[in-house]
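In what follows, a structure is listed as structure tokens, so that the remarks can point back to it.
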Amino acid sequence: QVQLQESGPGLVKPSETLSLTCDVSGYSISSGYFWGWIRQPPGKGLEWIGSIFRSGTSYFNPSLKSRVTMSIDKYANHFSLRLSSTTAADTAVYYCARDAGGYNYGQFDSWGQGILVTVSS
Amino acid sequence: QSALTQPASVSGSPGQSITISCTGTSSDVGTYNLVSWYQLHPGKAPKLMIFEVTKRPSGVSTRFSGSKSGNTASLTISGLQAEDEADYYCCSYVDTSTLVFGGGTKLTVL
């Protein structure tokens with residue numbers, strides 16, 4: 001059974017870069033699927049950040065595209081998110097998830113538990 | 001891209017049926033049968049309830065069903081149970097190869 005686990009700093013200073021990693025176990029990233037990041041600000045709804053394939057092909061939310069970088073490490077079996085120029089509006093619970101839809105179809109069948117990242121000085 | 005439109009809240013009594021709507025545009029819901037629904041309980045990870053408009057993942061109760069008409073997708077929960085009380089989000093593929101979520105609906109079981 002696939003399991004995902006987010007890790008990274010829980011506190012980021014404004015204007016700095018938020019960096020998170022999602023470790024995957026029970027499934028090899030090299031085998032396929034898109035892998036995504038989704039966030040939920042306190043008291044607000046879910047927001048798709050972006051998704052990446054084993055080849056490095058990636059798609060991003062247009063509203064975040066200029067600040068987002070995603071990478072994938074098939075050997076370490078994890079993928080990562082970097083969000084630059086952060087503000088308080090980036091404070092959220094960040095989830096990583098597997099898209100089982102065969103493409104970037106939003107069929108996230110496995111999720112990490114989420115990590116709260118607070119942007120504050 | 002704008003978030004898909006969902007009602008902020010719906011409610012129903014145990015045993016009743018409720019429907020949550022999710023309205024998009026011809027660039028997403030109206031064109032693609034790639035709408036998913038997620039259930040969120042406080043403090044827990046989202047759970048996939050419906051994918052590709054009508055399909056249920058293994059282990060999801062048959063009380064949950066999905067449908068679509070035009071630019072609007074719907075999630076119906078029949079035989080409401082207390083454990084169904086949660087937030088529900090729809091998600092659709094968009095023609096720009098991106099994804100968009102709905103604003104979320106809080107379901108209260110009276």
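Structure summary
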item: Region A:1-26 - residue that is touching a Ser or Thr at 6+ places or on another chain (Cβ under 8 Å), outside any strand (DSSP E or B) and of a type outside the set (S, T, N, Q) and, of those, least open to solvent (accessible area, probe 1.4 Å); result: A:2
item: Search result, residues across region A:64-82 that are without any contact (Cβ under 8 Å) to a residue 60 or more places away in the chain, under 18 Å from residue A:93 (Cβ atoms) and open to solvent by 40 Å² or more (accessible area, probe 1.4 Å); result: none
item: Among (1) touching a residue at least 60 places away in the same chain (Cβ under 8 Å); (2) open to solvent by 20 Å² or more (accessible area, probe 1.4 Å); (3) within 13 Å of chain B (Cβ to nearest Cβ) - the single one residue A:43 does not satisfy; result: (1)
item: Residue check, residue B:102 within 8 Å of another protein chain (Cβ to nearest Cβ) and of a type in the set (Gly, Ala, Ser); result: yes
item: Residue list for region A:46-63, restricted to those being surrounded by 17 or more Cβ atoms within 10 Å (Cβ to Cβ) and touching a Lys or Arg at 6+ places or on another chain (Cβ under 7 Å); result: A:47, A:49
item: Selection status of residue A:29, without any contact (Cβ under 8 Å) to a residue 60 or more places away in the chain, of a type in the set (A, V, I, L, M, F, W, C) and buried (at least 21 other Cβ atoms within 10 Å of the Cβ); result: yes
item: Those residues of region B:96-110 which are of a type outside the set (Lys, Arg) and assigned to a strand (DSSP E or B), in sequence order; result: B:98, B:99, B:100, B:101, B:102, B:105, B:107, B:108, B:109
item: Complete set of residues in region A:93-121 that are of a type in the set (Ser, Thr, Tyr), more than 7 Å from chain B (Cβ to nearest Cβ) and either within 18 Å of residue A:71 (Cβ to Cβ) or in a strand (DSSP E or B) (or both); result: A:94, A:110, A:118
item: Where a residue in region A:96-121 is on the phi > 0 side of the Ramachandran plot and among the basic types (Lys, Arg) and its partner, wherever it lies, is open to solvent by 50 Å² or more (accessible area, probe 1.4 Å) and in a strand (DSSP E or B), with Cβ under 7 Å and at least six apart; result: none
item: Those strands (runs of 3 or more DSSP E) lying entirely in region B:8-95 with at least 2 residues open to solvent by less than 50 Å² (accessible area, probe 1.4 Å), touching a residue at least 40 places away in the same chain (Cβ under 8 Å) and away from chain A (no Cβ under 14 Å); result: B:9-12, B:18-23, B:72-77
item: The listed residue being touching a residue at least 40 places away in the same chain (Cβ under 8 Å) and either of a type in the set (Lys, Arg) or in contact with a His (Cβ under 7 Å, 6 or more places away or on another chain) (or both), out of A:2, A:24, A:93, A:12; result: A:24
item: Residue within region A:98-121 that is under 16 Å from residue A:28 (Cα atoms), modelled with pLDDT under 95 and open to solvent by 40 Å² or more (accessible area, probe 1.4 Å) present; result: yes
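The values are calculated or read from the model by the stated rules, or taken from the named source; none is laboratory data. Here the structure is a predicted model, which is why all the values come from computation and not from measurement. Backbone-built Cβ (ideal geometry, glycine too); neighbour counts: all protein chains shown. Calculation scope for accessible area: heavy atoms of the full protein, side chains included, ligands and nucleic acids excluded. Shrake-Rupley method; radii C 1.70, N 1.55, O 1.52, S 1.80 Å.
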